[in-house]
Amino acid sequence: MFELQTEILEHHEALLTLEITEETIQKAMRKAARRMARQFNIPGFRKGKAPYNVVVRTAGEETVRQEAAETLLEQFYPQALKQAEIEPYDQGEVEDLSLDPLVFKIRVPLQPLIDLGDYRNLRREPEPLEVTDEELASALEDLRRRNMVLDVVTRPARLGDQVTLSLLKGTVAGEVVIHDHNVEVVLDTEDFFIIQGFVEAVVGMSAGEERLFSLTLPDDFGEENFQGEDIEFTVNVEEVYQLTLPGLDDALASTVGSFGTLEDLKDDLRRRILDYKTGKATDNYLMALVADLVAGAEVRYPPIMEEEEIDTLLEEAKASVERRHDMEWEDYLRLQGKTEAQVRKELRPEAARRMREGLILGEFASEVGVTVTDAEVKEEIRNLLEEAGVQNLKSLDSFDPQSALANDTRQRVVIQKTLDKLELLGRGQLEEAEDIVQSEVEAPSEDEKQAAAE
Amino acid sequence: MDIYTVIVRPLVTEKTEEQKEEGKYSFKVHSRANKNEIKRAVEGIYDVDVTAVNVMNVPAKINRKRGRRPIVRHPAWKKAIVTLVPGQRIEALEA
(Lines give C-alpha, C1' and ligand atoms only; values in the text may rest on other atoms or scores of the structure.)
Protein backbone atom coordinates (compact mmCIF):
# COMPACT_ATOMS: atom_id res chain seq x y z
CA MET A 1 0.00 0.00 0.00
CA PHE A 2 2.36 2.76 1.16
CA GLU A 3 5.55 3.38 2.99
CA LEU A 4 5.80 6.22 5.44
CA GLN A 5 8.63 8.27 6.80
CA THR A 6 8.04 10.95 9.39
CA GLU A 7 10.35 13.81 10.13
CA ILE A 8 9.67 16.54 12.64
CA LEU A 9 10.70 19.93 11.30
CA GLU A 10 11.99 22.92 13.14
CA HIS A 11 8.91 25.12 13.07
CA HIS A 12 6.61 22.65 14.76
CA GLU A 13 5.68 20.98 11.54
CA ALA A 14 6.04 17.42 10.37
CA LEU A 15 7.22 16.26 6.98
CA LEU A 16 5.50 13.06 5.90
CA THR A 17 7.12 11.19 3.03
CA LEU A 18 4.56 8.84 1.57
CA GLU A 19 5.67 6.36 -1.04
CA ILE A 20 2.91 4.40 -2.69
CA THR A 21 3.54 0.99 -4.23
CA GLU A 22 3.28 0.62 -7.99
CA GLU A 23 0.58 -2.03 -7.71
CA THR A 24 -1.69 0.31 -5.80
CA ILE A 25 -1.05 3.06 -8.31
CA GLN A 26 -1.94 0.83 -11.24
CA LYS A 27 -5.24 -0.05 -9.61
CA ALA A 28 -5.95 3.59 -8.90
CA MET A 29 -5.05 4.53 -12.46
CA ARG A 30 -7.60 2.10 -13.84
CA LYS A 31 -10.22 3.59 -11.59
CA ALA A 32 -9.17 7.08 -12.60
CA ALA A 33 -9.36 6.16 -16.27
CA ARG A 34 -12.91 4.89 -15.87
CA ARG A 35 -13.86 8.11 -14.17
CA MET A 36 -12.21 10.16 -16.87
CA ALA A 37 -13.93 8.14 -19.60
CA ARG A 38 -17.23 9.11 -18.04
CA GLN A 39 -16.24 12.75 -17.86
CA PHE A 40 -14.63 13.43 -21.20
CA ASN A 41 -15.80 12.98 -24.74
CA ILE A 42 -13.57 10.52 -26.55
CA PRO A 43 -14.44 10.32 -30.27
CA GLY A 44 -15.67 6.91 -31.30
CA PHE A 45 -16.92 6.00 -27.83
CA ARG A 46 -20.02 6.66 -25.81
CA LYS A 47 -19.42 8.25 -22.43
CA GLY A 48 -17.86 5.83 -20.01
CA LYS A 49 -17.34 3.15 -22.67
CA ALA A 50 -13.75 3.88 -23.63
CA PRO A 51 -11.39 1.14 -22.42
CA TYR A 52 -8.35 1.88 -20.29
CA ASN A 53 -5.90 1.77 -23.18
CA VAL A 54 -7.83 4.28 -25.20
CA VAL A 55 -8.13 6.68 -22.27
CA VAL A 56 -4.43 6.45 -21.54
CA ARG A 57 -3.67 7.07 -25.20
CA THR A 58 -5.95 10.09 -25.55
CA ALA A 59 -5.32 11.75 -22.17
CA GLY A 60 -1.70 10.72 -21.76
CA GLU A 61 -0.33 8.42 -19.11
CA GLU A 62 0.90 11.31 -16.96
CA THR A 63 -2.56 12.85 -16.72
CA VAL A 64 -4.10 9.57 -15.64
CA ARG A 65 -1.33 9.07 -13.08
CA GLN A 66 -1.85 12.55 -11.75
CA GLU A 67 -5.55 11.94 -11.41
CA ALA A 68 -4.88 8.67 -9.64
CA ALA A 69 -2.35 10.39 -7.35
CA GLU A 70 -4.96 12.85 -6.18
CA THR A 71 -7.41 10.17 -5.14
CA LEU A 72 -4.65 8.15 -3.53
CA LEU A 73 -3.59 11.15 -1.48
CA GLU A 74 -7.12 11.65 -0.25
CA GLN A 75 -7.36 7.99 0.57
CA PHE A 76 -4.05 7.53 2.34
CA TYR A 77 -3.43 10.90 3.99
CA PRO A 78 -5.67 10.24 7.01
CA GLN A 79 -4.18 6.74 7.39
CA ALA A 80 -0.68 8.16 7.20
CA LEU A 81 -1.49 10.70 9.90
CA LYS A 82 -2.76 7.96 12.13
CA GLN A 83 0.25 5.77 11.47
CA ALA A 84 2.65 8.64 12.12
CA GLU A 85 0.79 9.41 15.35
CA ILE A 86 0.54 13.04 14.46
CA GLU A 87 -2.12 15.48 15.53
CA PRO A 88 -2.42 17.98 12.73
CA TYR A 89 -3.48 21.53 13.43
CA ASP A 90 -4.63 22.01 9.87
CA GLN A 91 -4.59 20.42 6.43
CA GLY A 92 -1.11 19.47 5.32
CA GLU A 93 0.37 20.94 2.23
CA VAL A 94 1.90 18.83 -0.51
CA GLU A 95 5.36 20.23 -0.82
CA ASP A 96 6.78 17.91 -3.39
CA LEU A 97 5.22 15.29 -5.61
CA SER A 98 6.96 12.86 -7.89
CA LEU A 99 4.78 10.68 -10.07
CA ASP A 100 7.07 7.76 -10.86
CA PRO A 101 7.60 6.35 -8.31
CA LEU A 102 4.67 8.03 -6.62
CA VAL A 103 6.06 9.90 -3.60
CA PHE A 104 4.26 12.63 -1.70
CA LYS A 105 6.08 14.97 0.61
CA ILE A 106 3.50 16.56 2.85
CA ARG A 107 4.21 19.34 5.30
CA VAL A 108 1.76 19.10 8.18
CA PRO A 109 1.37 21.87 10.77
CA LEU A 110 1.16 20.32 14.23
CA GLN A 111 -1.17 21.09 17.08
CA PRO A 112 0.41 23.73 19.28
CA LEU A 113 2.25 22.43 22.29
CA ILE A 114 1.84 24.43 25.45
CA ASP A 115 3.87 23.85 28.53
CA LEU A 116 2.76 26.13 31.32
CA GLY A 117 5.85 25.37 33.35
CA ASP A 118 5.65 25.74 37.10
CA TYR A 119 2.54 27.88 36.99
CA ARG A 120 1.19 26.48 40.25
CA ASN A 121 3.71 28.50 42.18
CA LEU A 122 3.00 31.72 40.37
CA ARG A 123 2.57 34.41 43.00
CA ARG A 124 2.45 38.15 42.90
CA GLU A 125 1.87 40.56 45.73
CA PRO A 126 -1.07 42.82 44.99
CA GLU A 127 -0.26 46.49 45.36
CA PRO A 128 -1.51 47.92 48.64
CA LEU A 129 -4.50 50.16 48.14
CA GLU A 130 -5.10 53.37 50.02
CA VAL A 131 -6.45 56.81 49.38
CA THR A 132 -3.87 59.42 50.27
CA ASP A 133 -4.77 62.79 51.75
CA GLU A 134 -3.36 64.51 48.65
CA GLU A 135 -5.70 62.56 46.39
CA LEU A 136 -8.65 63.47 48.55
CA ALA A 137 -7.57 67.09 48.66
CA SER A 138 -7.17 67.31 44.92
CA ALA A 139 -10.57 65.71 44.40
CA LEU A 140 -12.10 68.27 46.76
CA GLU A 141 -10.29 71.08 44.98
CA ASP A 142 -11.69 69.78 41.71
CA LEU A 143 -15.18 69.81 43.17
CA ARG A 144 -14.75 73.39 44.35
CA ARG A 145 -13.59 74.47 40.94
CA ARG A 146 -16.56 72.87 39.29
CA ASN A 147 -18.92 74.62 41.71
CA MET A 148 -17.56 78.15 41.34
CA VAL A 149 -19.86 80.92 42.39
CA LEU A 150 -20.50 83.46 39.63
CA ASP A 151 -21.23 87.10 40.66
CA VAL A 152 -22.10 89.77 38.12
CA VAL A 153 -19.81 92.79 38.53
CA THR A 154 -19.79 96.20 36.88
CA ARG A 155 -16.06 96.77 37.12
CA PRO A 156 -13.75 96.05 34.16
CA ALA A 157 -12.75 92.41 33.73
CA ARG A 158 -9.66 91.16 35.49
CA LEU A 159 -7.67 87.96 35.07
CA GLY A 160 -9.55 85.12 36.73
CA ASP A 161 -12.96 86.52 35.79
CA GLN A 162 -15.41 84.96 33.39
CA VAL A 163 -16.91 87.01 30.58
CA THR A 164 -19.83 86.38 28.26
CA LEU A 165 -19.18 87.61 24.75
CA SER A 166 -22.34 88.57 22.85
CA LEU A 167 -20.26 88.75 19.69
CA LEU A 168 -17.01 87.06 18.78
CA LYS A 169 -15.85 87.60 15.25
CA GLY A 170 -12.47 86.83 13.75
CA THR A 171 -11.27 87.60 10.22
CA VAL A 172 -8.09 86.55 8.49
CA ALA A 173 -7.26 88.60 5.37
CA GLY A 174 -10.87 89.73 5.06
CA GLU A 175 -12.28 86.23 5.39
CA VAL A 176 -14.51 85.54 8.39
CA VAL A 177 -13.19 82.50 10.18
CA ILE A 178 -14.99 82.80 13.52
CA HIS A 179 -18.44 84.19 14.07
CA ASP A 180 -20.15 83.30 17.29
CA HIS A 181 -22.56 84.61 19.91
CA ASN A 182 -22.88 84.03 23.65
CA VAL A 183 -19.43 82.64 24.17
CA GLU A 184 -18.29 82.11 27.73
CA VAL A 185 -14.61 82.68 28.34
CA VAL A 186 -12.65 82.23 31.55
CA LEU A 187 -9.84 84.75 31.60
CA ASP A 188 -6.94 82.44 32.36
CA THR A 189 -3.54 83.04 30.79
CA GLU A 190 -2.45 79.47 31.39
CA ASP A 191 -5.41 77.79 29.75
CA PHE A 192 -5.85 80.41 27.03
CA PHE A 193 -8.72 80.77 24.62
CA ILE A 194 -8.11 80.30 20.85
CA ILE A 195 -4.60 81.78 20.87
CA GLN A 196 -2.16 83.33 23.28
CA GLY A 197 -2.85 87.01 23.76
CA PHE A 198 -6.60 86.86 23.41
CA VAL A 199 -7.22 86.78 27.13
CA GLU A 200 -4.88 89.69 27.78
CA ALA A 201 -6.67 91.72 25.09
CA VAL A 202 -10.04 91.18 26.74
CA VAL A 203 -8.85 92.04 30.24
CA GLY A 204 -10.02 95.55 31.20
CA MET A 205 -13.25 95.48 29.20
CA SER A 206 -16.52 96.19 30.98
CA ALA A 207 -20.03 94.96 30.26
CA GLY A 208 -21.40 96.49 27.06
CA GLU A 209 -17.99 97.42 25.71
CA GLU A 210 -16.78 96.56 22.20
CA ARG A 211 -13.15 96.18 21.26
CA LEU A 212 -11.24 95.57 18.03
CA PHE A 213 -7.77 94.09 18.16
CA SER A 214 -5.49 92.02 16.01
CA LEU A 215 -3.17 89.15 16.87
CA THR A 216 -0.70 87.07 14.89
CA LEU A 217 -1.45 83.38 14.64
CA PRO A 218 1.54 81.24 15.71
CA ASP A 219 3.52 79.20 13.21
CA ASP A 220 2.36 75.98 14.78
CA PHE A 221 -1.35 76.82 14.49
CA GLY A 222 -3.62 73.87 13.79
CA GLU A 223 -4.84 75.13 10.42
CA GLU A 224 -1.87 75.26 8.09
CA ASN A 225 -3.32 77.96 5.83
CA PHE A 226 -3.53 80.41 8.73
CA GLN A 227 -0.08 79.92 10.20
CA GLY A 228 1.69 83.24 10.69
CA GLU A 229 -1.35 85.22 9.47
CA ASP A 230 -2.84 88.18 11.32
CA ILE A 231 -6.31 87.72 12.72
CA GLU A 232 -8.68 90.65 13.39
CA PHE A 233 -11.01 90.18 16.34
CA THR A 234 -14.21 92.06 17.07
CA VAL A 235 -15.34 91.32 20.61
CA ASN A 236 -18.43 92.52 22.42
CA VAL A 237 -18.63 91.93 26.16
CA GLU A 238 -22.10 91.39 27.51
CA GLU A 239 -21.42 90.54 31.13
CA VAL A 240 -18.48 90.25 33.47
CA TYR A 241 -18.58 87.70 36.29
CA GLN A 242 -16.34 87.40 39.26
CA LEU A 243 -15.51 83.79 40.06
CA THR A 244 -15.31 82.76 43.69
CA LEU A 245 -14.32 79.33 44.91
CA PRO A 246 -16.90 78.00 47.35
CA GLY A 247 -15.68 77.34 50.88
CA LEU A 248 -14.71 73.85 51.94
CA ASP A 249 -17.64 73.36 54.28
CA ASP A 250 -20.94 71.57 54.83
CA ALA A 251 -22.60 74.00 52.42
CA LEU A 252 -20.47 72.70 49.58
CA ALA A 253 -21.33 69.15 50.58
CA SER A 254 -25.03 69.86 50.32
CA THR A 255 -24.71 71.58 46.92
CA VAL A 256 -22.74 68.73 45.44
CA GLY A 257 -25.17 66.04 46.50
CA SER A 258 -27.32 64.93 49.34
CA PHE A 259 -24.55 65.03 51.90
CA GLY A 260 -25.26 66.39 55.35
CA THR A 261 -21.75 67.30 56.28
CA LEU A 262 -18.38 67.78 54.72
CA GLU A 263 -17.24 64.56 56.38
CA ASP A 264 -19.95 62.61 54.54
CA LEU A 265 -18.76 64.08 51.28
CA LYS A 266 -15.19 63.18 52.11
CA ASP A 267 -16.19 59.60 52.95
CA ASP A 268 -18.04 59.29 49.67
CA LEU A 269 -15.13 60.70 47.72
CA ARG A 270 -12.72 58.41 49.50
CA ARG A 271 -14.89 55.41 48.63
CA ARG A 272 -15.18 56.43 45.01
CA ILE A 273 -11.47 57.00 44.65
CA LEU A 274 -10.83 53.64 46.25
CA ASP A 275 -13.28 51.97 43.86
CA TYR A 276 -11.58 53.53 40.92
CA LYS A 277 -8.12 52.60 42.15
CA THR A 278 -9.22 49.06 42.94
CA GLY A 279 -10.52 48.60 39.42
CA LYS A 280 -7.35 49.91 37.94
CA ALA A 281 -5.12 47.97 40.29
CA THR A 282 -6.99 44.74 39.52
CA ASP A 283 -6.51 45.33 35.81
CA ASN A 284 -2.82 46.00 36.29
CA TYR A 285 -2.49 43.05 38.62
CA LEU A 286 -4.12 40.71 36.12
CA MET A 287 -2.02 42.07 33.28
CA ALA A 288 1.12 41.49 35.28
CA LEU A 289 -0.03 37.98 36.18
CA VAL A 290 -0.78 37.17 32.57
CA ALA A 291 2.68 38.45 31.65
CA ASP A 292 4.21 36.24 34.33
CA LEU A 293 2.26 33.24 33.14
CA VAL A 294 3.28 33.87 29.55
CA ALA A 295 6.90 34.39 30.52
CA GLY A 296 7.01 31.09 32.38
CA ALA A 297 5.34 29.07 29.66
CA GLU A 298 6.80 27.36 26.64
CA VAL A 299 4.76 27.39 23.44
CA ARG A 300 5.46 25.74 20.14
CA TYR A 301 3.19 26.33 17.18
CA PRO A 302 3.34 26.04 13.40
CA PRO A 303 3.85 29.24 11.35
CA ILE A 304 0.42 28.93 9.79
CA MET A 305 -1.20 29.84 13.10
CA GLU A 306 0.71 33.08 13.13
CA GLU A 307 -0.45 33.81 9.59
CA GLU A 308 -4.04 33.15 10.59
CA GLU A 309 -3.73 35.51 13.53
CA ILE A 310 -2.32 38.16 11.22
CA ASP A 311 -5.29 37.60 8.93
CA THR A 312 -7.61 38.25 11.86
CA LEU A 313 -5.76 41.40 12.86
CA LEU A 314 -5.74 42.59 9.27
CA GLU A 315 -9.47 42.05 8.97
CA GLU A 316 -10.00 44.03 12.15
CA ALA A 317 -7.78 46.81 10.87
CA LYS A 318 -9.66 46.90 7.57
CA ALA A 319 -13.02 47.06 9.30
CA SER A 320 -11.86 49.83 11.59
CA VAL A 321 -10.43 51.87 8.70
CA GLU A 322 -13.66 51.55 6.79
CA ARG A 323 -15.79 52.42 9.80
CA ARG A 324 -13.73 55.11 11.47
CA HIS A 325 -12.24 56.92 8.52
CA ASP A 326 -14.96 56.01 6.04
CA MET A 327 -12.25 55.03 3.63
CA GLU A 328 -11.55 52.10 1.35
CA TRP A 329 -8.70 49.93 2.54
CA GLU A 330 -6.78 50.39 -0.72
CA ASP A 331 -7.01 54.18 -0.40
CA TYR A 332 -5.82 53.98 3.18
CA LEU A 333 -2.82 51.92 2.14
CA ARG A 334 -1.99 54.42 -0.57
CA LEU A 335 -2.26 57.27 1.89
CA GLN A 336 0.08 55.53 4.29
CA GLY A 337 2.40 54.66 1.43
CA LYS A 338 2.44 51.00 2.43
CA THR A 339 1.70 47.71 0.78
CA GLU A 340 -0.41 45.07 2.41
CA ALA A 341 2.69 42.90 2.76
CA GLN A 342 4.36 45.63 4.80
CA VAL A 343 1.33 45.96 7.03
CA ARG A 344 1.35 42.21 7.57
CA LYS A 345 4.99 42.39 8.57
CA GLU A 346 4.26 45.15 11.04
CA LEU A 347 1.42 43.16 12.55
CA ARG A 348 3.52 40.04 13.02
CA PRO A 349 4.95 40.76 16.51
CA GLU A 350 1.52 41.76 17.80
CA ALA A 351 -0.05 38.67 16.25
CA ALA A 352 2.57 36.42 17.79
CA ARG A 353 2.07 38.02 21.18
CA ARG A 354 -1.72 37.73 21.03
CA MET A 355 -1.58 34.15 19.92
CA ARG A 356 0.90 33.09 22.60
CA GLU A 357 -1.23 34.77 25.22
CA GLY A 358 -4.42 33.18 23.91
CA LEU A 359 -2.90 29.71 23.75
CA ILE A 360 -1.38 29.97 27.19
CA LEU A 361 -4.55 31.30 28.81
CA GLY A 362 -6.56 28.62 27.03
CA GLU A 363 -4.24 25.94 28.36
CA PHE A 364 -4.41 27.47 31.81
CA ALA A 365 -8.19 27.46 31.64
CA SER A 366 -8.29 23.78 30.84
CA GLU A 367 -5.62 22.99 33.44
CA VAL A 368 -7.57 24.62 36.24
CA GLY A 369 -10.82 23.31 34.84
CA VAL A 370 -12.79 26.34 33.75
CA THR A 371 -16.16 25.26 32.47
CA VAL A 372 -19.18 27.29 31.53
CA THR A 373 -22.66 25.86 31.37
CA ASP A 374 -25.45 27.07 29.12
CA ALA A 375 -27.34 28.20 32.20
CA GLU A 376 -24.48 30.47 33.16
CA VAL A 377 -24.42 31.94 29.69
CA LYS A 378 -28.13 32.57 29.86
CA GLU A 379 -27.74 34.22 33.25
CA GLU A 380 -25.00 36.46 31.91
CA ILE A 381 -27.16 37.55 29.00
CA ARG A 382 -30.02 38.27 31.39
CA ASN A 383 -27.74 40.44 33.49
CA LEU A 384 -26.53 42.31 30.44
CA LEU A 385 -30.06 42.94 29.27
CA GLU A 386 -31.14 44.14 32.69
CA GLU A 387 -28.16 46.46 32.88
CA ALA A 388 -29.10 47.85 29.49
CA GLY A 389 -32.55 48.55 30.92
CA VAL A 390 -34.43 46.03 28.84
CA GLN A 391 -37.66 45.24 30.65
CA ASN A 392 -39.03 42.60 28.36
CA LEU A 393 -36.93 39.54 28.99
CA LYS A 394 -39.29 37.18 27.22
CA SER A 395 -36.89 36.70 24.32
CA LEU A 396 -34.72 34.76 26.75
CA ASP A 397 -37.25 31.96 26.78
CA SER A 398 -36.17 31.03 23.29
CA PHE A 399 -32.53 31.01 24.30
CA ASP A 400 -30.40 29.16 21.77
CA PRO A 401 -27.09 27.95 23.24
CA GLN A 402 -25.59 27.78 19.73
CA SER A 403 -26.45 31.30 18.63
CA ALA A 404 -23.74 33.84 17.89
CA LEU A 405 -24.75 35.89 20.91
CA ALA A 406 -24.54 32.88 23.19
CA ASN A 407 -21.15 31.88 21.82
CA ASP A 408 -19.87 35.40 22.22
CA THR A 409 -21.13 35.58 25.75
CA ARG A 410 -19.77 32.16 26.57
CA GLN A 411 -16.38 33.29 25.37
CA ARG A 412 -16.54 36.31 27.62
CA VAL A 413 -17.64 34.29 30.63
CA VAL A 414 -14.82 31.83 30.01
CA ILE A 415 -12.29 34.64 29.88
CA GLN A 416 -13.72 36.19 33.02
CA LYS A 417 -13.62 32.92 34.90
CA THR A 418 -10.12 32.18 33.71
CA LEU A 419 -8.90 35.56 34.88
CA ASP A 420 -10.67 35.04 38.21
CA LYS A 421 -8.82 31.77 38.67
CA LEU A 422 -5.58 33.43 37.67
CA GLU A 423 -6.14 36.09 40.27
CA LEU A 424 -6.79 33.47 42.93
CA LEU A 425 -3.62 31.73 41.88
CA GLY A 426 -1.59 34.90 42.06
CA ARG A 427 -2.89 35.59 45.54
CA GLY A 428 -2.11 32.04 46.55
CA GLN A 429 -5.77 31.16 47.15
CA LEU A 430 -6.39 28.82 44.23
CA GLU A 431 -5.75 25.64 46.18
CA GLU A 432 -8.17 26.69 48.90
CA ALA A 433 -10.83 27.41 46.31
CA GLU A 434 -10.25 24.03 44.70
CA ASP A 435 -10.50 22.31 48.07
CA ILE A 436 -13.85 23.95 48.65
CA VAL A 437 -15.09 22.73 45.28
CA GLN A 438 -13.77 19.29 46.10
CA SER A 439 -15.52 19.08 49.45
CA GLU A 440 -18.73 20.33 47.88
CA VAL A 441 -18.57 17.51 45.39
CA GLU A 442 -17.86 14.98 48.11
CA ALA A 443 -20.52 16.15 50.50
CA PRO A 444 -23.58 17.37 48.63
CA SER A 445 -25.50 20.06 50.43
CA GLU A 446 -28.98 19.55 51.81
CA ASP A 447 -30.57 21.20 48.78
CA GLU A 448 -28.82 18.91 46.41
CA LYS A 449 -29.76 15.85 48.40
CA GLN A 450 -33.34 16.92 48.21
CA ALA A 451 -33.10 17.62 44.51
CA ALA A 452 -31.58 14.21 43.96
CA ALA A 453 -34.33 12.59 45.92
CA GLU A 454 -36.95 14.25 43.79
CA MET B 1 -0.51 3.39 -55.22
CA ASP B 2 1.90 4.04 -52.33
CA ILE B 3 1.09 1.96 -49.25
CA TYR B 4 1.02 5.07 -47.03
CA THR B 5 -1.53 6.62 -49.41
CA VAL B 6 -3.74 3.54 -49.27
CA ILE B 7 -4.11 3.55 -45.48
CA VAL B 8 -5.50 6.90 -44.31
CA ARG B 9 -5.79 6.12 -40.57
CA PRO B 10 -6.86 3.32 -38.26
CA LEU B 11 -10.36 3.57 -36.81
CA VAL B 12 -10.73 3.63 -33.04
CA THR B 13 -14.30 3.14 -31.83
CA GLU B 14 -16.11 0.94 -29.39
CA LYS B 15 -16.86 -1.50 -32.17
CA THR B 16 -13.35 -1.69 -33.58
CA GLU B 17 -11.90 -2.15 -30.08
CA GLU B 18 -14.09 -5.24 -29.73
CA GLN B 19 -13.21 -6.61 -33.16
CA LYS B 20 -9.51 -6.37 -32.38
CA GLU B 21 -10.05 -9.32 -30.05
CA GLU B 22 -10.98 -11.40 -33.12
CA GLY B 23 -7.94 -10.19 -35.04
CA LYS B 24 -9.96 -7.76 -37.13
CA TYR B 25 -8.58 -4.26 -37.62
CA SER B 26 -10.48 -1.40 -39.27
CA PHE B 27 -9.00 1.43 -41.29
CA LYS B 28 -10.14 4.39 -43.27
CA VAL B 29 -8.60 3.78 -46.69
CA HIS B 30 -8.21 5.65 -49.98
CA SER B 31 -11.52 5.59 -51.88
CA ARG B 32 -9.85 4.12 -54.96
CA ALA B 33 -7.88 1.45 -53.12
CA ASN B 34 -8.75 -2.20 -53.80
CA LYS B 35 -8.52 -5.21 -51.47
CA ASN B 36 -5.18 -6.34 -52.85
CA GLU B 37 -3.63 -2.94 -52.35
CA ILE B 38 -5.00 -2.77 -48.80
CA LYS B 39 -3.67 -6.23 -47.99
CA ARG B 40 -0.21 -5.29 -49.24
CA ALA B 41 -0.31 -1.94 -47.41
CA VAL B 42 -1.25 -3.46 -44.01
CA GLU B 43 1.32 -6.25 -44.37
CA GLY B 44 3.94 -3.68 -45.36
CA ILE B 45 3.26 -1.13 -42.67
CA TYR B 46 2.55 -3.34 -39.66
CA ASP B 47 4.57 -6.48 -40.58
CA VAL B 48 1.68 -8.94 -40.17
CA ASP B 49 -0.05 -11.53 -42.38
CA VAL B 50 -3.51 -10.72 -43.69
CA THR B 51 -6.01 -13.52 -44.44
CA ALA B 52 -9.02 -11.43 -45.55
CA VAL B 53 -9.99 -7.88 -46.41
CA ASN B 54 -13.56 -6.64 -46.37
CA VAL B 55 -14.28 -3.22 -47.77
CA MET B 56 -17.32 -1.00 -47.83
CA ASN B 57 -18.10 2.46 -49.06
CA VAL B 58 -19.49 4.67 -46.33
CA PRO B 59 -21.88 7.13 -47.98
CA ALA B 60 -21.65 10.86 -47.52
CA LYS B 61 -23.70 12.24 -44.64
CA ILE B 62 -25.33 15.60 -44.16
CA ASN B 63 -25.74 16.97 -40.66
CA ARG B 64 -28.33 19.67 -40.25
CA LYS B 65 -28.37 21.94 -37.28
CA ARG B 66 -28.82 25.58 -36.38
CA GLY B 67 -25.86 27.86 -36.15
CA ARG B 68 -23.13 29.34 -38.22
CA ARG B 69 -22.95 26.31 -40.53
CA PRO B 70 -26.50 24.97 -40.65
CA ILE B 71 -25.59 22.18 -43.08
CA VAL B 72 -22.41 20.17 -42.65
CA ARG B 73 -21.52 17.63 -45.30
CA HIS B 74 -19.28 14.73 -44.36
CA PRO B 75 -17.93 13.28 -47.61
CA ALA B 76 -18.10 9.60 -48.53
CA TRP B 77 -15.15 7.38 -47.61
CA LYS B 78 -14.01 3.79 -47.82
CA LYS B 79 -13.69 1.52 -44.78
CA ALA B 80 -11.63 -1.66 -44.74
CA ILE B 81 -11.80 -4.41 -42.12
CA VAL B 82 -8.68 -6.50 -42.27
CA THR B 83 -8.54 -9.99 -40.72
CA LEU B 84 -5.13 -11.24 -39.61
CA VAL B 85 -3.80 -14.76 -39.32
CA PRO B 86 -5.12 -16.08 -35.97
CA GLY B 87 -2.84 -15.16 -33.07
CA GLN B 88 -1.31 -12.15 -34.77
CA ARG B 89 -1.76 -8.64 -33.43
CA ILE B 90 -0.85 -5.12 -34.48
CA GLU B 91 1.09 -3.85 -31.46
CA ALA B 92 1.10 -0.28 -32.69
CA LEU B 93 -2.69 -0.11 -32.58
CA GLU B 94 -3.12 -1.70 -29.18
CA ALA B 95 -2.80 1.62 -27.41
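The values are calculated or read from the model by the stated rules, or taken from the named source; none is laboratory data. This one's a predicted model, so the numbers in the text were calculated from it and none came from an experiment. When we count neighbours, we look across all protein chains shown, and the Cβ atoms used for this are built from the backbone with ideal geometry, even at glycine.
A few notes on this one:
- All positions within the range B:26-57 that are in a strand (DSSP E or B) and away from chain A (no Cβ under 14 Å): B:V29, B:V50, B:T51, B:A52, B:V53, B:N54, B:V55, B:M56, B:N57
- A residue that is out of contact with any Cys (no Cβ under 9 Å at 6 or more places or on another chain) and in a loop (DSSP other than H, G, I, E, B) can be found somewhere in the range A:402-411.
- Any hit, the range A:128-147, residues being in a strand (DSSP E or B), over 30 Å from A:E61 (Cα atoms) and in contact (Cβ under 8 Å) with a residue 40 or more places away in the chain: no
- The condition of being free of Cβ contacts under 8 Å to residues at least 40 places away in the same chain, within 14 Å of another protein chain (Cβ to nearest Cβ) and in a strand (DSSP E or B) holds for only one of B:R9, B:R73, that being B:R9.
- Among (1) within 27 Å of A:K49 (Cα to Cα); (2) among the aliphatic types (A, V, I, L, M); (3) not in a helix (DSSP H, G or I), the one test that B:A92 misses: (3)
- Within the range A:16-36, considering residues that are at pLDDT below 90 and touching a Phe, Trp or Tyr at 6+ places or on another chain (Cβ under 8 Å), the one farthest from B:T13 (Cα to Cα): A:L16
- Residue count, the range B:78-95 (criterion: more than 14 Å from chain A (Cβ to nearest Cβ) and touching a Lys or Arg at 6+ places or on another chain (Cβ under 6 Å)): 2
- Hey, A:E62 away from chain B (no Cβ under 14 Å), surrounded by 18 or more Cβ atoms within 10 Å (Cβ to Cβ), within 30 Å of B:E94 (Cα to Cα) and among the charged types (D, E, K, R) or not: no
- Checking each residue in the range A:81-124 for being surrounded by 14 or more Cβ atoms within 10 Å (Cβ to Cβ), in a loop (DSSP other than H, G, I, E, B) and without any contact (Cβ under 8 Å) to a residue 40 or more places away in the chain picks out only A:Q111.
- Whichever residue in the range A:34-51 is among the basic types (K, R) and part of a loop (DSSP other than H, G, I, E, B) and, among such residues, is nearest to the chain's Cα centre (by Cα): A:K47
- Considering each residue of the range A:101-118 in turn, at least one proves to be assigned by TED's automatic domain parsing to the domain that holds A:T63, out of contact with any strand residue (DSSP E or B) (no Cβ under 6 Å at 6 or more places or on another chain) and over 30 Å from A:D292 (Cβ atoms).
- Test: residue in the range A:34-49 that is in contact with an Asp or Glu (Cβ under 6 Å, 6 or more places away or on another chain), surrounded by 19 or more Cβ atoms within 10 Å (Cβ to Cβ) and either within 14 Å of another protein chain (Cβ to nearest Cβ) or closer than 30 Å to A:P112 by Cα (or both): yes
- The listed residue being buried (at least 16 other Cβ atoms within 10 Å of the Cβ), in contact (Cβ under 8 Å) with a residue 40 or more places away in the chain and under 28 Å from A:T244 (Cβ atoms), out of A:D151, A:D161: A:D161
- For the range A:211-263, the candidate set comprises residues that are under 30 Å from A:A137 (Cα atoms) and hydroxyl-bearing (S, T, Y); within that set, the residue that is surrounded by the fewest Cβ atoms within 10 Å (Cβ to Cβ) is A:S258.
- Complete set of residues in the range A:192-232 that are in contact with a helix residue (DSSP H, G or I) (Cβ under 7 Å, 6 or more places away or on another chain) and in contact (Cβ under 8 Å) with a residue 40 or more places away in the chain: A:L217
- Extreme residue, nearest to the chain's Cα centre (by Cα), among residues of the range A:1-33 that are more than 14 Å from A:F76 (Cα to Cα) and surrounded by 19 or more Cβ atoms within 10 Å (Cβ to Cβ): A:H12
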